[in-house]
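The structure appears right after this line, and notes come after that.
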Amino acid sequence: MNPLLDFSGLPRFAELQPQHIAPAVDQLLAEGRATIERVTAAPVTWDSFVAPLEDANERIGRAWGQVAHLHAVLDSPELREVYNANLPKITQYWTELGQNQRLFEKYKQLSASPEFAALSKARKRIVENALRDFRLGGAELPPEKKARFAKIQEELARSGSRFSENLLDATKAFGLVVDESRIGGIPQDVLDAAREAAEKEGKAGWKFTLHAPSYMPVMQYADDRRLRETMYRESVTRASEFGNPEWDNTPLIARIVELRGELAGLLGYRNFAEVSLVPKMAESPQQVLAFLEDLARRARPFAEKDVAELREFARRELGIAELQSWDVAYASEKLRVERYAFSEQEVKQYFPEEVAVHGLFRVAETLYGIRIKAAEAPRWHEDVRFYEIRDSAGALVGQFYMDLYARDTKRGGAWMDDAITRRRKGNALQTPVAYLTCNFSRPVGGRPALFTHDEVLTLFHEFGHGLHHLLTRIEDLGVSGINGVEWDAVELPSQFMENFCWEWDVLRHMTRHIDTAAPLPRALFDKMVAAKNFQSGLGMLRQLEFAVFDMRLHAEYQPGRTALQLLDEVRGRIAVLRPPAYNRFPNNFSHIFAGGYAAGYYSYKWAEVLSADAYAAFEEMSESHGILNVSTGERFRDEILAVGGSRPAAESFRAFRGREPTVDALLRHNGMTAA
Ligand code: ZN
């Protein structure tokens, strides 16, 4: 039997071969299409319409999920070829599904039927989400508007990809080869790479480029101020009118904003920001802007202090009379080292893998009344470990894989992905399964792997996503675990978990020096916290500037006003450091013009506020009950983790916190409290 077609239990990774993929995909997609035919002819009830559709789509999702997972963590030429050959088939299926007019009509009938009122909250929400997505996809438009809608979407997709191509071409086009007199201060590994880059072109010297691994260290470390200035100017004018006209993103920006406005109009909204917010937790552009501006107002005094200190330090210690944009990273790095330097290498000695992982499990076990134990399962690589979670009565709650070390065959970064989602199928309850994937350094020389504090934060973060998926109590696929959770609320459980890594009472129990077995010294911990909060005001204002620009650009479309003019206005209100007039930041703001973040950049700060404020509920109890407070943990589990996407995130937050979110905890966690 084809292991990809076996849905009776855990994925059969040990047997799965590339030749299994195409036959399984073809069979499952054919079954999916047959199901669509069948359910659109059947009466509209949950059991005869939604349930069979969910079953068929779940099978496709689960099978393809295994393939996509292997493609990400165990790449090989054979697998890549099969993956790329089958991906378009899968994409095509989901596109068809999203545009199927008959399905849309069926969902409408179901929501208008007498049965609807009797459905559970979770099921109602699944139907409402489906209707919402059909509407946002243009399903309700009359034929001529539908055609225009499709044309706009097409042009937007093309413009977005052109935007990133231009940026990439402009980035690649620049290189600067310098001689020995100009490389002072730059770290050796960066110089080695620069030397190699020059040699490749048959040149003597060192070649620097605008790619981040070359550009960032130059800005941070190069003592040659003119070198920094040149690199800065080249970087912030990429894909603008100052370079090759073919790569100028300025007309694309205007066109993208105009098209998004038109698309919003077709759907009956006043602007694109409103469209973007429909499936999100935030309610309106006005609410988001008020939120961002409030945060900016409160962070501003701290940012002003950061800048004043930096100017003074640059003048006194670096001989820089007037701090310019190309001095900021350089002077900041020098100031950071002077004040807070500690060695990452030293910190690492306190975080052997076993101790860190055990510390993480202990936090989750204590807070949520669960037990985590190693277990057996078919694996895709010998590095992989497998665990099960049981409740206090011993019942299986969920299972997860941990694949922590970097490998040549694994894509970069860290992420959580769902393998199986919790749901009820008749009398049987299907328990959830998750993949946790990281790229940490592996054990060498017979010693355990040692994690940096950043890596420990990443581990807690991804595990937070995992708990959101695994501790759900929802039994309907579409809103179980992380399914159906609003995009701007999905980082709440993950960022929430990170807080425990900054908690002395937690950290001292999850650190043990590899040689001496001593816990992390308090003085070192204090330095780490201070370093974390270094220039946090300045950093926050910068993010807020981008977020306000993005939201206003999509909320108040004004023909004739350029993106640059708007950005200038936003900077006038928010920024404490003004860049030079030639700065063309919008031309490389890929997040909103080529990525999925249009009128959504605010979500970074939004989710941080939610997670910090949720964590503050634990801090408020810590005096009397310690930070790992069981009753608060239970409430967090019940009101946030367990409910998944079955109700609006705002409702879940209010249920947990008893009030609306406030920004106080985030400011406090970043060291921004009035002295
Ligand atoms: Zn995340």
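Numbers below:
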quantity: Mean Cβ neighbour count within 10 Å, used as a protection proxy, ranking 206-212, 261-267 highest first; calculated: 206-212, 261-267
quantity: Region 204-241 versus region 430-492: alpha-carbon centroid distance in Å; calculated: 36
quantity: Residue 440 long-range amide H proximity, modeled H, under 5 Å; calculated: 405, 406
quantity: Accessible carbon and sulfur surface of the chain relative to its total accessible area, %, 1.4 Å; calculated: 51
quantity: From the C-alpha gyration tensor of region 352-483, square roots of 5λ in Å; calculated: 27, 16, 13
quantity: Karplus 3J(HN,Hα) series, Hz, for region 335-351 with 6.51 cos²θ - 1.76 cosθ + 1.60 (x for Gly, Pro); calculated: 5, 4, 4, 4, 8, 10, 4, 9, 8, 4, 4, 5, 4, 3, 4, 8, 10
quantity: Flagged links, alpha-carbon separation over 20 Å, of 172/605; 207/334; 124/605; 280/532; 305/334; calculated: 172/605; 207/334; 124/605; 280/532
quantity: Accessible area (Å², per residue) of the chain, counting only protein heavy atoms and a probe of 1.4 Å; calculated: 44
quantity: Karplus (6.51, -1.76, 1.60) ³J(HN,Hα), θ = phi - 60°, over region 168-180, in Hz, Gly and Pro reported as x; calculated: 5, 4, 5, 5, 5, 5, 9, x, 10, 9, 10, 9, 4
quantity: Order by protection proxy (mean Cβ within 10 Å, highest first), peptides 641-647, 658-664; calculated: 641-647, 658-664
quantity: Charge dipole (the chain, unit charges on Cβ, about Cα centre) - positive-most of 547, 404, 612; calculated: 547
quantity: Label zone at residue 102, where the point sits 7 Å out along the Cα-to-Cβ direction: region 34-75 residues whose backbone N lies under 15 Å; calculated: 34-44, 49-50, 53
quantity: Cα point-scatterer Debye curve for the chain, base-10 log of I(q)/I(0) at q = 0.05, 0.09, 0.11, 0.12 Å⁻¹; calculated: -0.26, -0.92, -1.45, -1.71
quantity: Helix-only CD estimate at 222 nm, as mean residue ellipticity for the chain, using -39500 (n - 2.57) per DSSP H run (n ≥ 4); calculated: -18000 deg cm²/dmol
quantity: Phi to ³J(HN,Hα) by Karplus 6.51 cos²θ - 1.76 cosθ + 1.60 over region 258-273, Hz, x for Gly, Pro; calculated: 5, 5, 4, x, 5, 4, 4, x, 4, 7, x, 10, 6, 7, 6, 4
quantity: For the chain, share of DSSP beta bridges that run antiparallel, in % to the nearest 5; calculated: 80
quantity: Net charge, residue 396 excluded, C-beta distance under 13 Å - Lys, Arg +1, Asp, Glu -1; calculated: +2
quantity: Burial ranking of peptide ranges 70-78, 252-260 (average Cβ count within 10 Å, highest at the top); calculated: 252-260, 70-78
quantity: Beta bridge orientation in region 369-510: antiparallel %, DSSP, nearest 5; calculated: 75
quantity: For residue 518, net neighbour charge (Lys/Arg +1, Asp/Glu -1) across residues whose Cβ lies under 13 Å away; calculated: +1
quantity: C-alpha center-to-center spacing [region 68-99, region 324-392] in angstrom; calculated: 31
quantity: About the Cα centre, charge dipole magnitude for the chain (Lys/Arg +1, Asp/Glu -1 at Cβ), debye; calculated: 880
quantity: Nitroxide proxy distance, nm - points 7 Å out along Cα→Cβ at residue 155 and residue 188; calculated: 5.6
quantity: Global geometry of region 569-675, whether rounded, prolate or oblate, following the gyration tensor of its Cα atoms and the 1.5 cut on a/c; calculated: oblate
quantity: Cβ-based charge dipole, the chain, positive-most Cα from 513, 318, 290; calculated: 290
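The values are calculated or read from the model by the stated rules, or taken from the named source; none is laboratory data. In this text, all values refer to a predicted model and were calculated from it rather than measured experimentally. Positions of Cβ are backbone-derived with ideal geometry, glycine not excepted, and every protein chain shown enters the neighbour counts. With ligands, DNA and RNA removed, areas are computed over all heavy atoms of the protein, side chains included. Shrake-Rupley method; radii C 1.70, N 1.55, O 1.52, S 1.80 Å.
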